[in-house]
Every structure is written in C-alpha cells, then in structure tokens.
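The values are calculated or read from the model by the stated rules, or taken from the named source; none is laboratory data. Keep in mind that this is a model prediction, so the values were computed, not measured. Positions of Cβ are backbone-derived with ideal geometry, glycine not excepted, and every protein chain shown enters the neighbour counts. Protein only, heavy atoms only, side chains kept; ligands, DNA and RNA dropped before computing areas. Shrake-Rupley method; radii C 1.70, N 1.55, O 1.52, S 1.80 Å.
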Amino acid sequence: MSFLKGGFTANLGKVYALYTLGFLAFFVLMAIAEQFGASAKLIGILFLLFTLVIYALIGWLSRTMQVDAYYVAGREVPAVYNGMATAADWMSGASFVALAGGVYFGGYPYLGFVVGWTGGYVLVNALMAPYLRKFGCYTVPDFIGTRYGGNFARFCAVVILVVASFTYVTAQINATGTIASRALGIPFGVGVWFGLLGILLCSMLGGMRGVTWTQVAQYIVLIIAYLVPVIWMSNVQGFGIIPHFSYGEGAQRIAELEAMYGLSAAPERIAGVSVLTTPHFDPQGGMDSWKFFTLAFCMMAGTASLPHILMRYFTTPSVRSARKSVAWSLLFIFLLYFTAPVLATLTKLQLLDPNLSTAVIGKSFAEVAALDWVRNWSEVGYLAIKDFNGDGILQLNEFFMRADIVVLATPEIAGLPYVISGLVAAGGMAAAMSTADGLLLAIANALSHDMYYKIIDPNADTRKRLIVARVILVLIGIAAALIASLRLTGILGAVAWAFCFACSGLFFPLALGIWWKRANAAGAIAGMIVGFGAGSWYLYHVYTGGAPWLGIDHIRFGMIGMPASLIAMIVVTLLTPAPSKEIQDMVDEVRVPTGGTVIQAH
C-alpha cells in the first residue's frame with residue numbers, strides 16, 4: 001500500500017503530530033460543549049465514538065493481503081514508533097484501569113506488579129528480543145518449531161500461547177465492558193460486545209501493520225488521559241505539576257488518616273464489591289517481602305515470555321532497531337508506571353482528607369449517597385455503601401468499591417469537569433483495545449501460520465492463509481467476549497494468570513533455545529509440558545481451596561511452573577542426543593549481534 005510504504009512511513013512524525021493536535025482540539029471542543037450545557041452522557045459517547053472512528057479508519061487504510069505485512073508489518077516499523085506501539089500493546093486494561101486500583105486497595109505489595117512489568121523489559125532486551133528478531137521468524141511458536149525441529153514442539157508452544165493470550169484478552173475485553181457500561185450508560189454485557197467490535201475493526205483487515213499504526217495512536221491518547229487527572233489533582237493538593245518526587249508526604253498523610261478512621265476488615269461484602277482493607281503505605285519484611293519478590297519475578301519472567309510482546313520486535317527493520325525499540329518501550333511504559341502509585345495516592349487523599357471538599361469518609365450517609373458519582377457508579381454495580389454500625393456516618397470499612405474503577409472514577413471523585421472523565425474513558429478504552437488487538441493477533445497468527453499453514457495445509461496460498469487468520473481472529477474474539485461477560489476474576493487477577501501461564505511453559509524453552517545450543521526438541525517439549533502442567537495444576541489446587549505452598553497464591557503460580565520447566569528441560573536434554581551441528585551453528589549465529597536474519601520466514 002503506497003499509503004504506508006511510501007508517504008506514510010516517511011512522514012510518521014508529521015502524521016502523528018497532526019493526529020495529536022487534532023485529538024487535543026477535540027478535547028478542547030468537548031470542554032467548551034460542557035460549558036454550554038452538553039450532558040455528561042453525550043460527552044462520554046462522543047469521546048469513545050471519535051477515538052473508535054479514528055482507530056477503525058487507520059485499520060481500514062492499513063488493510064493488506066501481503067503475508068509479510070499482515071504478520072510482521074513488512075518489518076519496516078522505526079524503533080521509536082515500535083516502542084510506542086509496544087508500550088500501547090503493554091499498557092493493557094490492567095495497567096491503565098486496574099493497576100492504580102490495586103495499589104489503592106492493596107497498598108505497597110501491589111507495587112510488585114510495577115517492578116515486575118517494568119523490569120521484565122530488561123529480560124526482554126538482554127535475553128530475547130534482538131535474537132528472536134535476528135532469527136527471522138513470524139511468531140513465537142515459529143521460533144520454537146524451527147529452533148527445535150518437528151511439529152510437536154511447535155504444537156506445544158501454540159497451546160501455551162493460546163491459553164496465556166486468551167486469558168489475557170478476556171481481561172482486556174472485561175475492561176472495555178467496564179468503560180463502555182459507564183461512559184455509554186449500557187449494561188456491562190452489552191459493553192463487552194461494543195468493545196469487541198472496536199477491537200476487530202482495528203486488527204482484522206490490516207493484521208500487524210494495522211495494529212501497529214493504531215497502537216501508536218492509542219498510546220498518545222492513553223498517556224494524555226492518564227497524566228491529566230494526576231497533574232490536576234496534584235496542583236489542587238499542593239504537590240506541584242510533577243508530583244512523582246514529592247507525593248511521599250501524601251502517603252504518610254494517608255497512613256495517619258487510616259489510623260485515625262480505624263482501618264479494619266468489613267464484616268461482609270456487598271454484591272462482591274471489594275472494600276479497602278490493606279494499609280496503603282505499609283512495607284513489611286519476612287513473608288511479605290517473599291510475596292513481593294515472587295510476584296515481581298513472575299511478572300518479569302511472564303513479560304519476557306508473552307508472545308504478543310515478543311512479536312512486536314519481529315516488525316523492526318534490523319536487529320539494532322529491535323534493541324532500540326526495547327529502550328523506547330521502557331521509556332514510554334515508565335511514564336505510566338511511575339504515575340500509577342501517584343494516582344492511587346492522590347485519589348485516596350481526595351476521599352479521606354477532611355481538608356479537601358471531595359472527602360466522603362466521616363460524612364453522613366445521606367450526604368454521600370446524594371453525590372452524583374456515588375449514585376452513578378452504584379447504579380452499574382461497581383460501588384456500594386452500607387451503614388453497618390447504624391450511626392449514620394460513613395466509616396472507612398463501610399465504603400465498598402471495585403478496584404477496577406478507581407482510575408475511571410478518579411475525575412468524578414476529585415470533582416473535575418466531566419470532560420476529564422470522557423478523556424480518561426477514551427484512554428482506558430485505548431489501553432484495553434491496543435492490548436486486545438495484539439493478543440488476538442498473536443492467537444490468530446499462531447493458529448493460522450503455525451497450526452494451519454505449517455502443520456495442516458503447507459500448500460495453502462496467501463489468500464487462503466489470510467482468510468483463515470481473519471476468521472480465527474473473529475472466532476477467538478467472540479469466545480473471549482463470552483468468557484469476559486462471566487467476570488470469573490478481576491482484571492488484574494486474570495492478567496497475572498496469563499503471565500504465569502506464559503512463564504511456566506515458555507520462558508525456559510525460549511531462553512535456553514537462544515543461550516544453550518545443547519538444548520534439544522525432547523528437552524523443550526518436556527519443559528513446556530511439565531512446566532505448563534505443573535503451573536496449571538497448582539492454580540487449580542489453590543483456586544479450589546487448597547493450601548498455598550510457601551505463600552505462593554493463585555497469582556504467583558509461575559513460581560511452581562518455572563522450576564518444574566527448567567528441571568524437566570535440563571534433565572531430558574542431557575538424557576537425549578544433542579541437536580544437529582546445523583542447529584547448533586544456527587544458534588551460534590543468532591547470538592552474533594550483527595548481520596542479516598538467520599532464516600527467511602515464509
């Protein structure tokens with residue numbers, strides 16, 4: 001397409017600068033409309049529709065029937081824009097919608113997610129991305145199948161990829177349902193299908209090429225939407241324009257307020273809505289430090305194993321560009337993760353600090369129940385208050401709110417103009433959609449390329465392969481929407497499962513496939529089956545009421561799967577013949593930081 005290969009890629013800076021200015025102009029227009037009496041519901045609808053139309057337009061303009069463009073965006077994405085696309089791919093509904101909520105309710109221990117998800121890119125850069133790019137494959141199972149030889153290893157990788165990515169994508173569609181239900185005033189179940197429609201419009205026609213350019217646009221929206229409320233609240237609370245280095249005083253103030261109000265567990269839950277029960281600023285030692293470490297380690301290893309992230313580095317023009325892309329990814333991801341604890345702290349202060357007009361704790365139930373934001377979120381089932389002691393005053397353990405809505409509700413909690421809520425909703429939708437696009441594409445590409453083309457029908461022509469990929473993408477999306485509508489777990493919990501599935505089955509077969517040339521197919525297959533099986537069994541054991549081992553709960557089961565995978569892979573590899581000299585020479589060549597790709601993907 002000349003739109004992308006010619007003028008578009010040569011003028012990316014101008015195109016996205018114009019896009020950013022256009023989005024900011026739309027934001028100003030909505031602010032003016034609010035001043036002239038436009039309703040909150042209308043503003044929310046216009047924000048979501050405007051951004052969805054832009055994403056769909058990019059997807060339509062990026063449509064292709066070229067295999068190279070569909071699977072790896074023609075390997076022509078510059079490092080900085082690949083970094084932005086990777087950041088958007090990474091800034092999922094969990095990062096944007098649920099992470100600050102986790103810190104809000106769970107306090108210090110939830111920073112393990114921040115440490116793990118950010119630190120994981122160090123592993124990606126050091127162990128994976130440049131070498132996978134030099135290998136020259138289309139998908140992660142493509143690397144496994146080619147590196148170890150044989151279709152069974154490829155099949156095992158596809159199964160793990162599908163389970164991990166499917167678990168992850170249900171969380172993203174859950175997030176789109178949460179956002180759409182509040183912004184559009186529709187039931188959660190309907191919001192899920194609305195989000196799926198937008199996701200498919202971005203990814204179905206253009207594949208990786210369409211998803212890449214859409215994700216760059218989505219990153220711009222989500223980072224603006226995340227930073228604006230924080231800067232606004234910070235100014236109101238006296239922490240300045242950049243509160244990231246001074247909000248520690250706010251955390252100490254929260255600790256004082258929690259002690260004053262008497263933080264304790266609630267006597268019951270209301271309709272499954274979570275309640276604040278963990279001190280916000282309470283770092284501990286002993287078992288708590290172990291839990292922090294294990295959570296961070298699972299998230300790090302999961303980051304380096306997730307196929308939809310590793311796929312992003314197949315799209316760069318060279319190995320050097322892949323390395324630079326990781327650095328840019330870290331910078332763009334850092335902007336949000338460095339801000340998430342700030343947002344959680346400032347939002348909690350808005351609710352707790354009696355010196356702020358927005359505080360609700362300590363006020364009468366009648367006064368709190370009359371607040372628009374309390375009423376609106378209560379109507380859609382995300383918030384509830386209940387006077388357990390009958391004194392008519394809202395206590396800290398009588399305020400119930402799902403962690404998944406903390407970021408979305410922050411503008412209303414802080415009393416900001418509703419246009420900010422519309423902006424945040426658009427940012428949350430962009431975050432969830434961008435990740436869902438990448439995940440659906442990872443699943444569809446693995447099933448169409450590695451299962452259908454490589455195993456079932458190696459003689460399929462280009463048109464048939466891409467039609468199969470698109471049909472699979474739609475079917476997987478529908479299945480994920482159905483599962484998401486059941487709300488089996490929260491957004492953050494589902495994402496943690498996905499990371500643990502990925503690292504249990506794929507981390508060591510990928511890492512040792514690059515760094516240990518003695519590793520062979522039998523060892524890799526054993527590592528994938530045993531690691532994935534052990535991790536999955538442990539998840540079932542804990543989730544059905546079994547006693548955790550050493551404090552390893554259901555969001556850390558990768559700590560069981562990874563050691564099992566490593567031991568099985570090493571033992572079986574050493575008990576079976578070494579791979580051929582050709583394979584070992586290929587592994588040596590992959591680790592050389594210069595030169596062209598080792599194999600030509602097809």
Original post:
Can you find a residue in the range 576-593 that is closer than 30 Å to PHE292 by Cβ, in contact (Cβ under 8 Å) with a residue 40 or more places away in the chain, in a helix (DSSP H, G or I) and open to solvent by 10 Å² or more (accessible area, probe 1.4 Å)?
Top reply: no
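Considering only the range 362-394, state which residues are open to solvent by less than 10 Å² (accessible area, probe 1.4 Å) and assigned to a loop (DSSP other than H, G, I, E, B).
The first filter runs over the range 362-394 and keeps only residues open to solvent by less than 10 Å² (accessible area, probe 1.4 Å), leaving 368, 374, 377, 382-383, 394.
Hits for the range 362-394 are TYR382, LEU394.
Would you mind stating whether VAL374 is of a type in the set (Val, Ile, Thr) and either touching a His at 6+ places or on another chain (Cβ under 8 Å) or more than 30 Å from VAL159 (Cα to Cα) (or both)? Walk me through how you get there before you give the answer.
Values: of a type in the set (Val, Ile, Thr): yes; either touching a His at 6+ places or on another chain (Cβ under 8 Å) or more than 30 Å from VAL159 (Cα to Cα) (or both): yes.
Spelling it out, VAL374 is indeed of a type in the set (Val, Ile, Thr) and either touching a His at 6+ places or on another chain (Cβ under 8 Å) or more than 30 Å from VAL159 (Cα to Cα) (or both).
For (1) part of a loop (DSSP other than H, G, I, E, B); (2) open to solvent by less than 20 Å² (accessible area, probe 1.4 Å), each residue gets a yes or a no:
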{"residue": "THR316", "(1), (2)": "yes, yes"}
{"residue": "ARG320", "(1), (2)": "no, no"}
{"residue": "ARG323", "(1), (2)": "no, no"}
{"residue": "LEU351", "(1), (2)": "no, yes"}
Subject >> So LEU396, is it touching a strand residue (DSSP E or B) at 6+ places or on another chain (Cβ under 8 Å) and touching a residue at least 24 places away in the same chain (Cβ under 8 Å) >> reply: no
**OP:** State all residues of the range 444-457 that are in contact (Cβ under 8 Å) with a residue 40 or more places away in the chain and open to solvent by 10 Å² or more (accessible area, probe 1.4 Å); if no residue qualifies, say none.
**Re:** LEU447, MET451, LYS454, ILE455
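Kindly check whether there is at least one residue in the range 327-346 that is open to solvent by less than 10 Å² (accessible area, probe 1.4 Å), at pLDDT 85 or above and under 29 Å from SER565 (Cα atoms). Write out each step before concluding.
First pass over the range 327-346, keeping only residues open to solvent by less than 10 Å² (accessible area, probe 1.4 Å): 329, 333, 336-337, 339-340, 342-346.
When the remaining residues are screened for being at pLDDT 85 or above, the result is 329, 333, 336-337, 339-340, 342-346.
Subset that is under 29 Å from SER565 (Cα atoms): 329.
Scanning the range 327-346, I find at least one residue that is open to solvent by less than 10 Å² (accessible area, probe 1.4 Å), at pLDDT 85 or above and under 29 Å from SER565 (Cα atoms), so the answer is yes.
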**OP:** State all residues of the range 528-561 that are loosely packed, with under 13 Cβ neighbours inside 10 Å and of a type in the set (A, V, I, L, M); if no residue qualifies, say none.
**Re:** ALA547, LEU550
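Going residue by residue through the range 142-152, is there one that turns out to be in contact with a His (Cβ under 7 Å, 6 or more places away or on another chain) and either farther than 18 Å from SER504 by Cβ or without any contact (Cβ under 8 Å) to a residue 12 or more places away in the chain (or both)? So that I can check it myself, show each step before the final result.
Here is the first cut: in the range 142-152, the ones in contact with a His (Cβ under 7 Å, 6 or more places away or on another chain) are 142.
From what's left, either farther than 18 Å from SER504 by Cβ or without any contact (Cβ under 8 Å) to a residue 12 or more places away in the chain (or both): 142.
The answer is yes, given that some residue of the range 142-152 is in contact with a His (Cβ under 7 Å, 6 or more places away or on another chain) and either farther than 18 Å from SER504 by Cβ or without any contact (Cβ under 8 Å) to a residue 12 or more places away in the chain (or both).
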Original post:
Pairs, please: C-beta under 7 Å, at least 6 apart or cross-chain, first residue more than 18 Å from LEU396 (Cβ to Cβ) and in the range 364-382, second among the aliphatic types (A, V, I, L, M) and assigned to a loop (DSSP other than H, G, I, E, B)?
Top reply: GLY381/ALA271
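Name the one entry in MET208, MET233, MET204 that is at pLDDT 85 or above and in contact with a helix residue (DSSP H, G or I) (Cβ under 7 Å, 6 or more places away or on another chain).
Working: MET208 fails: at pLDDT 85 or above; MET204 fails: at pLDDT 85 or above.
Only one candidate qualifies: MET233.
This table checks each residue for (1) open to solvent by 10 Å² or more (accessible area, probe 1.4 Å); (2) at pLDDT 85 or above; (3) in a strand (DSSP E or B).
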residue	(1), (2), (3)
ASN397	yes, no, no
VAL407	no, yes, no
GLU412	yes, yes, no
LEU416	yes, yes, no
VAL424	no, yes, no
MET433	no, no, no
ALA436	no, no, no
ALA442	no, no, no
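Yes/no per residue for (1) closer than 18 Å to ALA164 by Cα; (2) touching an Asp or Glu at 6+ places or on another chain (Cβ under 9 Å); (3) in a loop (DSSP other than H, G, I, E, B):
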| residue | (1), (2), (3) |
| --- | --- |
| TYR540 | yes, no, no |
| HIS554 | yes, no, yes |
| ILE560 | yes, no, no |
| MET569 | no, no, no |
| VAL572 | no, no, no |
Original post:
Out of the residues in the range 476-515 that are touching a residue at least 12 places away in the same chain (Cβ under 8 Å) and β-branched (Val, Ile, Thr), which is surrounded by the fewest Cβ atoms within 10 Å (Cβ to Cβ)?
Top reply: ILE478
Subject >> Near pairs, Cβ below 7 angstrom, 6+ apart or cross-chain, from the range 35-55 (more than 13 Å from ILE420 (Cα to Cα)) to any residue that is of a type in the set (Ser, Thr, Tyr) >> reply: TYR55/THR214
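Does THR9 satisfy the condition of being open to solvent by less than 50 Å² (accessible area, probe 1.4 Å) and either part of a loop (DSSP other than H, G, I, E, B) or at pLDDT below 80 (or both)? Walk me through it before giving the result.
Values: open to solvent by less than 50 Å² (accessible area, probe 1.4 Å): yes; either part of a loop (DSSP other than H, G, I, E, B) or at pLDDT below 80 (or both): yes.
So THR9 passes the test.
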Original post:
Among the residues of the range 242-256, is there at least one that is of a type in the set (S, T, N, Q), open to solvent by 50 Å² or more (accessible area, probe 1.4 Å), over 20 Å from GLY422 (Cα atoms) and in contact (Cβ under 8 Å) with a residue 24 or more places away in the chain?
Top reply: yes
**OP:** Identify all residues within the range 291-312 that are closer than 17 Å to LEU161 by Cα and of a type outside the set (A, V, I, L, M, F, W, C); write none if there are none.
**Re:** GLY302, THR303, SER305, PRO307, HIS308, ARG312
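Each row is one residue, and each column tells you yes or no for (1) under 19 Å from the mean Cα position of the chain (by Cα); (2) open to solvent by 40 Å² or more (accessible area, probe 1.4 Å); (3) among the hydrophobic types (A, V, I, L, M, F, W, C); (4) modelled with pLDDT under 80.
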residue	(1), (2), (3), (4)
PHE27	no, yes, yes, no
ALA33	no, no, yes, no
ALA98	yes, no, yes, yes
VAL114	yes, no, yes, no
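Which one of these is in a helix (DSSP H, G or I) and either within 18 Å of ALA87 (Cβ to Cβ) or of a type in the set (Phe, Trp, Tyr) (or both): GLY191, GLY195, GLY210, GLY177? Steps first, please.
Numbers: GLY191 fails: either within 18 Å of ALA87 (Cβ to Cβ) or of a type in the set (Phe, Trp, Tyr) (or both); GLY195 fails: either within 18 Å of ALA87 (Cβ to Cβ) or of a type in the set (Phe, Trp, Tyr) (or both); GLY177 fails: either within 18 Å of ALA87 (Cβ to Cβ) or of a type in the set (Phe, Trp, Tyr) (or both).
After applying the criteria, what remains is GLY210.
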